[in-house]
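The values are calculated or read from the model by the stated rules, or taken from the named source; none is laboratory data. Not measured: the values here are computed from a predicted model. Cβ: placed from backbone, ideal geometry, glycine included. Neighbour counts: every protein chain shown. Please note that ligands, DNA and RNA were not included when accessible areas were found on the heavy atoms of the full protein model with its side chains. Shrake-Rupley method; radii C 1.70, N 1.55, O 1.52, S 1.80 Å.
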Amino acid sequence: MTVWAYARATSCAQGDTLPFVVSGIAPVEVADVASDRVVFTGVAAPGWELEIGADWPSSLYRARFGPEVPWPQGLPGAAPCPDNEVFFVVREAVPAAPILVSVPFTTWQAYNRAGLPGQGLYWTESPVRAGRVSFDRPGGGPCPERWEFGLIRWLRPAGYDVAYCSNLDLDLDLDLDLGGGPELLARRRVLVVNGHDEYWSDGMRDAVEEFVRRGGNLAVFSGNTAWWRIRLEDGGRTMVCHRDALCDSVDDPRLATVEWSSAGRPENALTGVSFRAGAGTWGPDMRRMLDESYTARFAGHWVFEGTGLKDGDPFGQGCLGYETDAAEIEEIGGVPRATCRDGTPASFVVLATADLRHWSAYGQGGTATMGIFTSGLGTVFNAATVNWGNTLHDPVVERVTRNVLDRFSGAAPAPAWEVIGPAGTDVRALAVRDRTLYAVDGAGGLLRRELCGQNLPWEPAGTAGAAVRTVEAEEAAGGPESGKVAGGVVALAVPREAAARFSVGLYGLTDTGRLIRWDGADAWADLGAAPSGATGLAIADCTFYAATEDGELWRRPFASQGWEPADAIRPPGAVSGDIRVSGLAAMNGRLFAGLADGRVLTALPGGAWEEYDVRLVAAVFTAHAGALVAADRETALSRHTVRRSPLIRR
């Protein structure tokens with residue numbers, strides 16, 4: 001008769017003791033799943049305790065009691081983890097590794113004894129499924145596909161310094177010996193969610209969301225993530241998930257164990273995507289996932305650096321399975337953009353998509369959406385598929401994984417500028433109104449697109465497809481000429497608020513020395529003369545500022561009828577003739593001047609100019625909502641978040 005066993009906890013710190021419940025006397029072998037290295041052999045009996053070596057690497061471990069039991073690949077729950085195998089995590093005694101990998105013990109336990117009345121949380125719609133299950137029972141190891149093993153076995157040979165935890169360890173509400181989620185995460189730069197991590201408690205979610213808000217990064221190499229809300233009771237040894245509010249007798253109905261989306265906290269807010277829009281192929285058709293690939297939709301993003309991909313290229317065949325997550329998106333000029341109607345954050349950037357609607361014949365038809373977004377001070381990447389970690393033999397999947405882990409862990413410092421749009425547009429001027437970024441191209445056309453991290457195309461602004469001549473020029477020419485602005489627009493700006501007779505709108509300077517305003521109907525109104533030879537325009541504190549190439553600065557308050565000299569633009573210690581000013585912008589009352597050599601100067605109006613510690617990546621730039629935005633014919637549209645730096649030179 002085979003001995004059965006289970007551990008009294010899903011994790012244990014290095015150097016501590018982990019108690020087991022064992023049904024009889026049996027030989028035991030303990031091995032590190034990441035390397036298959038055997039770290040202990042001996043004999044176990046009822047009441048046996050395992051002394052965890054202080055030198056054991058933090059990892060996922062397997063204790064096998066007695067002989068190996070055949071465990072063929074199969075469907076989740078079809079061939080459960082043998083009762084004589086026990087999986088557990090060894091945590092770092094002192095948190096040090098920058099990368100922490102969470103192991104989804106809650107999902108494993110949910111599938112334990114699937115199909116047995118009252119014993120497993122599966123099958124999902126079975127009337128005899130359990131609503132609560134205990135960790136104090138054998139089984140509860142990984143599903144037969146071992147979704148988590150590929151990444152676990154790749155990380156250390158790939159050169160990463162990683163530590164592991166049980167996902168129960170993340171729950172800040174549990175009274176665990178490691179102090180709960182915040183303490184466990186405090187010294188980490190990255191939390192990795194891996195494989196199939198479907199069941200999350202409030203305490204787990206609260207801890208991870210706070211970690212990201214405070215500047216931690218979340219890398220989700222998982223699918224069907226955080227779909228079910230659970231409660232952990234009995235010190236974390238009982239998992240409750242009724243999947244039905246009417247069956248859950250909890251006193252506070254707000255704590256009912258249902259889908260996170262119906263609990264008022266869509267999982268999209270945590271992960272960016274959801275299984276509700278995703279896809280699944282189950283049963284004998286699961287193998288169909290091996291035929292599917294992602295399609296790159298933003299190949300210029302840093303996540304794809306070094307892959308050689310172009311937009312529209314397929315990659316990662318086989319990584320999409322057997323469940324995927326997705327965001328609701330709409331196509332804008334052939335580029336996907338998250339609608340954010342489903343709870344996906346507005347900062348979400350779509351990186352790759354897959355159309356899996358045909359899976360409706362095999363399980364659930366839908367899509368897959370790989371993406372990335374910011375939350376507070378942190379960043380979240382989501383591969384949005386269960387089988388990502390088992391496809392790391394694919395060179396693109398591996399490179400994307402490295403790019404994410406290197407950037408998130410600090411091994412590859414983040415560049416100052418983030419690509420947010422395509423290259424190739426001959427941009428001559430930029431400005432932002434509300435959430436719309438406007439540009440004038442080399443042909444005099446006025447363009448626009450949403451100011452966001454997505455690589456959206458430029459589109460013509462207005463019904464005619466381009467700006468038209470100024471009022472003054474029209475009168476001189478005897479009528480309008482579509483597509484041109486007299487003399488050419490060299491700078492754009494937008495005021496923060498209306499004052500005097502100047503409304504909030506798009507203002508410009510022409511190279512013939514005119515101040516103009518776009519009236520929104522493909523016509524520019526001529527507002528009078530402006531300094532000749534100006535290369536930049538900014539509006540701050542109800543005042544127009546115009547800069548010339550040699551650093552002269554002119555100002556015109558809204559209430560004034562003319563321009564007057566202001567303090568010249570000069571770097572600290574510079575004299576006249578030392579610089580060439582290529583552009584001017586303003587944000588929150590502060591002026592920014594771009595120099596031809598790429599340096600950026602900044603000053604409060606009337607104050608001394610200082611050098612800001614970033615170099616422009618393109619000749620044309622603007623400032624808005626805490627960021628600089630730059631582009632030109634040779635450089636993709638890029639964004640830099642302005643931050644205080646000790647390297648600002650005065």
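Want the number for ASP355 to PHE558: 0.36 nm per residue separation, take away the alpha-carbon distance, what's left? Working shown, then result.
Details: separation 203, 0.36 × 203 = 73.08 nm, distance 5.29 nm.
Net length gain for the segment: 67.8 nm.
Starting from the Kirkwood Rh over alpha-carbon pairs, what translational D in µm² s⁻¹ does the range 22-63 have by Stokes-Einstein at 25 °C and 0.890 mPa s? Before the final figure, lay out the partial values.
Details: Rh = 11.0 Å.
D, rounded to a whole number, is 223 µm²/s.
In Å, what Kirkwood hydrodynamic radius results for the chain from the alpha-carbon pair distances? Don't skip to the end; give the middle numbers.
Working: mean 1/r = 0.0365 Å⁻¹.
Kirkwood radius, the chain: 27.4 Å.
Using a probe of 1.4 angstrom, how much of the accessible area of the chain is carbon and sulfur, in percent? Write out the running numbers ahead of the final one.
Working: 12670 of 25160 Å².
After summing per-atom areas, the C and S share lands at 50 percent.
Express in whole angstrom the spacing between the alpha-carbon centres of the range 384-425 and the range 310-364.
The range 384-425 and the range 310-364 have Cα centres spaced 17 Å from each other.
Any idea what diffusion coefficient the range 1-150 gets from Stokes-Einstein, in µm²/s, Kirkwood Rh on alpha carbon pairs, 37 °C, 0.692 mPa s?
Once the numbers are plugged in, D ends up at 206 µm²/s.
Report, for the chain, the % of DSSP beta bridges that are antiparallel, rounded to 5. Each step should come with its number before you reach the end.
Details: 120 of 146 bridges.
Among the beta bridges of the chain, antiparallel pairing accounts for roughly 80 percent.
What is the dipole size for the range 100-170, taken about its Cα centre, with +1 at each Lys and Arg Cβ and -1 at each Asp and Glu Cβ, in debye to the nearest 20?
Values: 7 positive and 6 negative charges, 36 e Å.
So the magnitude is around 180 debye.
For the range 309-359, what is the largest minus smallest coordinate of the Cα atoms on each principal axis, given in angstrom and ordered from greatest to least?
Extents along the principal axes, in whole Å: 29, 26, 19.
What nm value, rounded to one decimal, do you get for the distance between ARG615 and TRP71 when each label is placed 7 Å out toward the C-beta?
5.4 nm
With a 10 Å radius around each residue's Cβ, average the other Cβ atoms per peptide and rank 137-149, 358-370, highest first.
Details: 137-149: 22.5, 358-370: 20.9.
The densest-packed peptide leads the list: 137-149, 358-370.
What ratio of Cα Rg to 2.2 N^0.38 Å holds for the range 314-423? Numbers along the way, then the final one.
Details: Rg = 14.8 Å, N = 110, 2.2 N^0.38 = 13.1 Å.
Normalised Rg, Cα atoms only: 1.13.
Along the principal axes of its C-alpha atoms, what lengths does the range 180-329 span, in descending order and rounded to whole Å?
54, 42, 27
If you take the charge dipole of the range 197-342 about its Cα centre, with +1 on Lys and Arg Cβ and -1 on Asp and Glu Cβ, which of GLY235, CYS340, ALA256 is farthest toward its positive end?
CYS340
So what does the Cα-only Debye profile of the range 365-455 read at q = 0.17, 0.25 Å⁻¹, as log10 I(q)/I(0), no solvent term?
Taken in order of the listed q values, log10 I(q)/I(0) reads -0.94, -1.32.
What value, in deg cm²/dmol to 500, does the helix sum -39500 (n - 2.57) over DSSP H runs of n ≥ 4 give at 222 nm once divided by the residues of the chain?
On the way: 7 runs with 57 residues, N = 650.
Counting only the DSSP helices, I get -2500 deg cm²/dmol.
Hey, how many Å between the Cα centroid of the range 592-641 and the Cα centroid of the range 121-138?
After rounding, the separation between the Cα centres reads 58 Å.
How would you order 616-624, 410-418, 222-230 from highest to lowest mean count of nearby Cβ atoms within 10 Å?
Details: 616-624: 24.4, 410-418: 14.2, 222-230: 27.4.
Top of the packing list down: 222-230, 616-624, 410-418.
Trypsin sites (Lys or Arg not before Pro), restricted to the range 248-357: which are DSSP loop and have at most 15 other Cβ atoms within 10 Å?
Values: sites: ARG254, ARG276, ARG287, ARG288, ARG297, LYS310, ARG337, ARG341, ARG357; in loops: ARG276, ARG297, LYS310, ARG341.
Passing sites in the range 248-357 are LYS310, ARG341.
Can you give the FRET efficiency for ASP285 and VAL128, using 1/(1 + (r/R0)^6), R0 = 25 Å, r = Cβ-Cβ distance, to the nearest 0.05? Working shown, then result.
Details: r = 25 Å, r/R0 = 1.00.
My answer for the efficiency is 0.50.
Please report, in whole Å³, the volume per residue of the convex hull around the C-alpha atoms of the range 108-261.
Details: hull volume 19.7 nm³, N = 154.
Convex hull of Cα atoms, per residue: 128 Å³.
Can you find, among TRP554, THR641, VAL28, the residue sitting farthest towards the positive end of the charge dipole of the chain, where Lys and Arg contribute +1 and Asp and Glu -1 at Cβ?
TRP554
Rounding to the nearest 20 debye, state how big the charge dipole of the chain is about its Cα centre with +1 on each Lys and Arg Cβ and -1 on each Asp and Glu Cβ. Numbers along the way, then the final one.
Numbers: 59 positive and 80 negative charges, 143 e Å.
That gives the chain a dipole magnitude of about 680 debye.
In Å, what Rg and Dmax follow from the Cα atoms of the range 113-156?
13.8, 44
If you fit an axis through the alpha-carbon atoms of helix 202-213 and take the longest principal axis of the Cα set of the chain, what angle between them do you get, 0 to 90°, nearest 10?
Helix 202-213 sits roughly 30 degrees off the main axis of the chain.
P(r) for the range 536-598: what percent of alpha-carbon pairs falls in each 5 Å bin, starting at zero?
Spelled out per bin, shortest first, that is 4, 19, 29, 24, 15, 6, 2, 0.
Taking 0.36 nm per residue of sequence separation and subtracting the Cα-Cα distance, how much length would be gained by fully extending the chain between GLU450 and ALA96, in nm to one decimal?
Details: separation 354, 0.36 × 354 = 127.44 nm, distance 4.12 nm.
Gain in length upon complete extension: 123.3 nm.
What is the gain in length, in nm to one decimal, between ARG501 and ALA346 on full extension, counting 0.36 nm per residue of separation less the C-alpha to C-alpha distance? Intermediate values should be presented prior to the final figure.
Working: separation 155, 0.36 × 155 = 55.80 nm, distance 3.42 nm.
Here the answer is 52.4 nm.
Return one quarter of the surface area of the convex hull spanned by the alpha-carbon atoms of the range 207-278, equal to its mean projected area, in nm².
Numbers: hull surface 23.7 nm².
Over all viewing directions, the range 207-278 projects a mean Cα-hull area of 5.9 nm².
Specify the angular offset, from 0 to 90 degrees and rounded to the nearest 10, of the alpha carbon long axis of helix 395-409 from the longest principal axis of the alpha carbons in the chain.
The angle comes out near 80 degrees.
Any idea how far apart ARG213 and ASP578 come out in nm if each label point goes 7 Å out from Cα toward Cβ?
Result: 4.6 nm between the two label points.
Treating only the Cβ atoms of Lys and Arg (+1) and Asp and Glu (-1) as charged, compute the dipole magnitude of the range 340-473 about its Cα centre; round to the nearest 20 debye.
On the way: 11 positive and 12 negative charges, 29 e Å.
Charge dipole of the range 340-473: 140 debye, to the nearest 20.
Using 7 Å Cα-to-Cβ label points, what is the ASP251/THR512 separation (nm, one decimal)?
Distance between label points: 7.9 nm.
On alpha-carbon atoms, Rg over Rh for the range 520-649 using Kirkwood Rh?
0.96
What span do the alpha-carbon atoms of the range 287-341 cover on each of the three principal axes, reported in whole Å from largest to smallest?
If we take the Cα atoms of the range 287-341, the spans are 33, 31, 17 Å.
ALA411 to ALA186: FRET efficiency via 1/(1 + (r/R0)^6), r the Cβ-Cβ distance, R0 35 Å, to the nearest 0.05?
Working: r = 20 Å, r/R0 = 0.56.
Result of the calculation: an efficiency of 0.95.
Accessible area per residue for the chain in Å², computed with a 1.4 Å probe and the full protein assembly in place, what is it?
39 Å²
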